[in-house]
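Scroll down for the structure; my scribbles are underneath it.
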Amino acid sequence: AQKVTQAQTEISVVEKEDVTLDCVYETRDTTYYLFWYKQPPSGELVFLIRRNSFDEQNEISGRYSWNFQKSTSSFNFTITASQVVDSAVYFCALSEAREYGQNFVFGPGTRLSVLP
Amino acid sequence: SAVISQKPSRDICQRGTSLTIQCQVDSQVTMMFWYRQQPGQSLTLIATANQGSEATYESGFVIDKFPISRPNLTFSTLTVSNMSPEDSSIYLCSALLGQSLRGTFGSGTRLTVV
């Protein structure tokens, strides 16, 4: 069965610190997709990144970077020089192919608080 | 990328009543999904809605409680029936756009049942 674990329930950092959010997943599929979403207090889900299981290249987008390691089934997310606006709940998600479409399995989320 | 409009954005409802949530996508999509996010929790898939067929429900969710309609490729509704305070959650719809697999979400409906 598929599962996503985000061991860090809550993290607090001071502005300008770097912070890494951990994500570990379980799946029996060889083809799957990993996602990170941000949920600010307004409640909407903001897409950050998608990675497929065949692409282990790390990715950097501005202050955000992602480290995908199949050997450890991890897909960690780092925010460099954090800002107050980064405060939100961050969800890691796994998507597998199913007969009738795709399904997202979400991790429990990590609440990040960036203090001024 | 597609935009998903969801309404109402929030509502406060009386116990025993029903609420229908609407989800409109600005492009045609094959699959639409409904999720529930209970307070302080992660998202849980309720059901997958295909146009022209019955919705497929996940374990723990039943059609009588959460009837879903999917009349065309751009629209779906989720009804929360005979509500109780335990139904207080954020309900989100989602769609996959062809092969993009981006997983675009609506802005959510924050439901409070009193």
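Radius of gyration (Cα atoms) of chain B, expressed as a multiple of 2.2 N^0.38 Å: 0.99. How large is log10 I(q)/I(0) at q = 0.10, 0.22 Å⁻¹ when the Debye formula is applied to the Cα atoms of chain A, each weighted equally and without solvent? Result of the Debye calculation: -0.28, -1.26. Per-residue shielding of A:84-91, expressed as the average number of other chain Cβ atoms within 10 Å of the residue Cβ, stands at 1. Excluding same-chain neighbours fewer than eight residues apart, the lysines reachable from B:LYS7 by a Cα-Cα span under 24 Å are A:LYS38, B:LYS65. Charged neighbours of A:PHE68, selected by a Cβ distance under 9 Å, balance to -1 (K, R count +1; D, E count -1). Counting Cβ atoms of other protein chains within 10 Å of each Cβ in A:42-52 and taking the mean gives 4. Per residue of B:13-24, other chain Cβ atoms within 10 Å of the residue Cβ number 0 on average. Applying a DSSP loop filter and a limit of 13 other Cβ atoms within 10 Å to the trypsin sites (Lys or Arg not before Pro) in the range A:35-116 leaves A:ARG63.
Per the Debye formula with a single identical scatterer at each Cα and no solvent contribution, what log10 I(q)/I(0) holds for the range B:1-67 at q = 0.16 Å⁻¹? The computed values of log10 I(q)/I(0) come out as -0.68. One Cα centroid belongs to the range B:40-114, the other to the range A:6-28; the line between them spans 28 Å.
Once you treat every alpha carbon in the protein assembly as shown as an equal point and sum by Debye, what is log10 I(q)/I(0) at q = 0.13, 0.16 Å⁻¹? Evaluating at q = 0.13, 0.16 Å⁻¹ gives log10 I(q)/I(0) of -0.78, -1.14.
No lab work stands behind these numbers, since they all come straight from the coordinates. Computed from a predicted model, the values in this text were never measured in an experiment. Here the Cβ is made from the backbone with ideal geometry for all residues, glycine too, and neighbour counts use every protein chain on show.
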